[in-house]
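Shown next, in structure tokens, is the structure this report addresses.
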Amino acid sequence: MECFYASNLDSSTRSLVLEGDESRHLRVLRCTVGDRILLSNGSGIRGVGIITAVERDRTHVVIERIEHFPAELPFILSVAIGLLAAQERMEWLLEKCTELGVHRIQPLCLEYSEIERLRRPERLQAKMIAALKQSQRSVLPILDQPKTLEEVLADADGAVVVCDPRGTAPVAPQGNCLIVVGAEGGFSPREEQMLEGVHCQRWSLGGFRLRSETAAIAAVSIVASAWQS
């Protein structure tokens with residue numbers, strides 16, 4: 001079944017109308033009356049619906065079944081990564097984090113960061129929604145505004161994993177996990193001291209030098225696949 005985003009879906013919804021981009025996407029996929037589709041509200045609820053009518057810019061759906069947090073990770077997996085200067089690399093990171101089950105993405109303003117703010121946040125959100133539909137998730141990750149490493153570590157709840165070529169072979173932690181990846185220039189000496197202060201795990205992800213977004217996705221995959229196996 002194809003999946004569509006419906007932020008107004010809740011546990012009591014019996015029918016709804018898809019409009020705008022979602023209704024147009026449905027027509028592109030040639031869904032028609034009688035077809036079953038998935039609907040995700042991005043907040044943990046996913047429904048199975050049946051299309052009852054297709055109009056020019058509106059699609060009517062009757063809800064057949066509601067599911068709560070289907071197939072989501074049973075712990076909070078977060079990624080904190082130095083802001084990426086290249087927009088397309090940031091978009092790719094958000095897409096893959098969404099597909100792999102990440103709950104929160106925290107851009108970092110680091111001392112070696114080339115930029116200090118997110119660019120085109122509305123486009124980033126659209127990329128994440130598209131990835132949510134692709135992966136048929138019920139939860140849309142939270143994309144936070146940039147923070148400093150000190151702020152993020154102060155709020156960390158669970159294991160802290162740092163991607164570091166000097167680290168050891170990964171061993172996936174149990175429970176909540178924060179994956180931290182530096183800027184393209186790495187961490188400053190002061191930031192390294194902060195990481196030491198929280199007794200983080202340092203993971204080596206192989207013998208090659210990885211881009212920041214590649215390291216983040218490799219680490220996320222290890223944590224997610226350890227739970228699924």
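No value in this document is a laboratory result; all are computed from the given coordinates. All of these numbers come straight from a predicted model, not from anything done at the bench. So basically every Cβ, Gly included, is an ideal-geometry build from the backbone, and we count neighbours across all protein chains shown.
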Electrostatic dipole magnitude of the range 73-178 [Cβ: Lys, Arg +1; Asp, Glu -1; Cα centre; debye, to 20]: 440
Between the range 1-26 and the range 184-229, the Cα center-to-center distance that results, in Å: 37
Mean Cα-pair separation over length for the range 77-228, i.e. relative contact order, pairs under 8 Å, 6 or more apart, %: 30
Directionally averaged shadow of the chain, computed from the convex hull of its alpha-carbon atoms, nm²: 13.2
Neighbour cut-off at most 13 other Cβ (10 Å), DSSP loop, GluC sites (Glu not before Pro), the range 71-157: Glu114, Glu116
Size of charge dipole - the chain - debye, nearest 20, with Cβ of Lys, Arg +1 and Asp, Glu -1, no other charges: 660
Unit charges at the beta carbon, dipole of the chain: most positive-side option, Met128, Leu108, Phe75: Met128
Only Lys, Arg (+1) and Asp, Glu (-1) charged, at Cβ; the range 1-125 dipole about Cα centre in debye: 220
Column: log10 I(q)/I(0), Debye, Cα scatterers of the range 24-70, q = 0.19, 0.31 Å⁻¹: -0.60, -1.11
24 Å Cα-Cα reach of Lys147 towards lysines, excluding residues that sit fewer than 8 places from it in its own chain: Lys96, Lys127
Sequence-separation-based contact order of the range 44-113, relative, with Cα cut under 8 Å and 6+ spacing, percent: 29
Least to most buried among Leu93, Leu29 (fewest other Cβ within 10 Å first): Leu29, Leu93
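Rounded to the nearest 500 deg cm²/dmol, what is the calculated helix-only ellipticity per residue at 222 nm for the chain, with -39500 (n - 2.57) per DSSP H run of length n ≥ 4?
-9000 deg cm²/dmol
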Low-density loop positions, trypsin sites (Lys or Arg not before Pro), the range 57-140 - DSSP coil, at most 15 other Cβ in 10 Å: Arg117, Arg119
